[in-house]
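Heads up: the structure comes next, in structure tokens.
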């Protein structure tokens, strides 16, 4: 049993942010019905690589545990199907640009009239209000607008290696959904959740924003170095890089004495306090680099771990996914599915003791569950056939 078994989710998302949000609900037991349009193409992510045969791993990585219904949202009958789902639903998630749902007759106001208890979550790049509300936005534009690119990298502003803003928008949408569900238990009424990717990224600026608030100066790029803690960075070794995060005075002294074997650094007036170390970081990092270059990364990790100093290794994605720890945490799961063949998927990151999440369904084919969902909505066979003939809906046929 999942934590939210029985929760019914109308999933009108595509691409990444909304899709990742609804998958979190599906992973923990919600019945997430993914509405895909147009009926012959569905979510555009299905056309994005990497591919294994004709399977898009981009799509599969964001859509496990869902059911798919292929519906023409440009047709009156298609919109009526969505409205039937809304009447039975607990949550609606969408990530269209502001105004698109209104044009379909599915604005928050209209949906609230149909089902006053439904939670209506909109995840967009810039939110439902403000000067940027109608601006198109994918992850790179939001990373740029949020200031994150300007404080990331070395010589030039750098995008983080994943669509971070999409996932941040998804998580803030998800937290809003759960808060709205708790509020509904008290009031009996649903509400709108407006989650903007930009807002989420700005909220993460925390101490970087604090630098501006306190000094009036904008933070600057510091590469892999922490702007307020030293040493707190990556350091070259014989065969790669080791990450050392000596973020307290005690850890700093421990590092000098038990790892670097240079206790004299503790009394060096350039490095006495964290303020001193930050001010003289270039001198200190050069000293540390001279030492770390003398051993291989794994040797340093063993010494650092033994000393209790936070540390890590700069791994490739392959190395991270192949770790014994990753396998022990069930974060890579392999399936041999009759229709799809062998599939590897990422596991469920939130481990719950009484109601754990689980992978119950493979990522769906386009319209794989159309007919069963139509029956649940009390359409008869003649109506279903008539709508299939008119391309209002489409059922995936097993080849």
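The values are calculated or read from the model by the stated rules, or taken from the named source; none is laboratory data. Nothing here was measured: the structure is a model prediction, and the numbers come from that model. In this analysis, Cβ positions are derived from the backbone assuming ideal geometry, glycine residues included, and neighbour counts consider all displayed protein chains.
Please tell me if residue 297 is over 30 Å from residue 147 (Cβ atoms) and touching a helix residue (DSSP H, G or I) at 6+ places or on another chain (Cβ under 7 Å).
No.
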The listed residue being touching a helix residue (DSSP H, G or I) at 6+ places or on another chain (Cβ under 9 Å) and under 30 Å from residue 286 (Cα atoms), out of 215, 222, 165, 206: 222
Near pairs, Cβ below 6 angstrom, 6+ apart or cross-chain, from segment 145-164 (free of Cβ contacts under 8 Å to residues at least 40 places away in the same chain) to any residue that is surrounded by fewer than 17 Cβ atoms within 10 Å (Cβ to Cβ) and assigned to a helix (DSSP H, G or I): 159/140
Condition check for residue 122: closer than 17 Å to residue 168 by Cβ, buried (at least 18 other Cβ atoms within 10 Å of the Cβ) and touching a residue at least 60 places away in the same chain (Cβ under 8 Å): yes
Could you check segment 131-150 and list, in sequence order, the residues that are more than 20 Å from residue 218 (Cβ to Cβ), out of contact with any helix residue (DSSP H, G or I) (no Cβ under 6 Å at 6 or more places or on another chain) and in a helix (DSSP H, G or I)? 140
Consider residue 378 against the criteria (1) in contact with a strand residue (DSSP E or B) (Cβ under 8 Å, 6 or more places away or on another chain); (2) in the same structural domain as residue 54 (by TED's automatic domain parsing); (3) not in a strand (DSSP E or B): it satisfies all of them except one. Which criterion is unmet? (1)
So residue 371 passes all but one of these: (1) assigned to a loop (DSSP other than H, G, I, E, B); (2) out of contact with any strand residue (DSSP E or B) (no Cβ under 7 Å at 6 or more places or on another chain); (3) surrounded by 15 or more Cβ atoms within 10 Å (Cβ to Cβ). Which condition number does it fail? (1)
Suppose the filter is assigned by TED's automatic domain parsing to the domain that holds residue 180, in contact with a helix residue (DSSP H, G or I) (Cβ under 8 Å, 6 or more places away or on another chain) and closer than 20 Å to residue 193 by Cβ; does residue 66 pass it? yes
Outside the structural domain of residue 255 (by TED's automatic domain parsing) and surrounded by 13 or more Cβ atoms within 10 Å (Cβ to Cβ): which single residue out of 304, 345 fits that description? 345
Heads up, the strands (runs of 3 or more DSSP E) in segment 18-97 (entirely inside) with at least 3 residues that are under 20 Å from the mean Cα position of the chain (by Cα) and in contact (Cβ under 8 Å) with a residue 12 or more places away in the chain are 31-36, 91-94
Scan segment 246-259 for residues that are surrounded by fewer than 18 Cβ atoms within 10 Å (Cβ to Cβ) and outside any helix (DSSP H, G or I) and jot them down. 247, 248
What residue, of 99, 53, 105, is in contact with a helix residue (DSSP H, G or I) (Cβ under 7 Å, 6 or more places away or on another chain) and on the phi > 0 side of the Ramachandran plot? 105
Just to be sure before I move on: is residue 127 outside any loop (DSSP other than H, G, I, E, B), crowded, with 18+ Cβ neighbours inside 10 Å, in contact with a strand residue (DSSP E or B) (Cβ under 6 Å, 6 or more places away or on another chain) and in contact (Cβ under 8 Å) with a residue 60 or more places away in the chain in the structure I sent? no
Test for residue 344: is it in contact (Cβ under 8 Å) with a residue 12 or more places away in the chain, part of a strand (DSSP E or B) and at negative phi: yes
Residue 111 - would you say it is surrounded by 18 or more Cβ atoms within 10 Å (Cβ to Cβ), free of Cβ contacts under 8 Å to residues at least 40 places away in the same chain and either in a strand (DSSP E or B) or in contact with a strand residue (DSSP E or B) (Cβ under 6 Å, 6 or more places away or on another chain) (or both)? yes
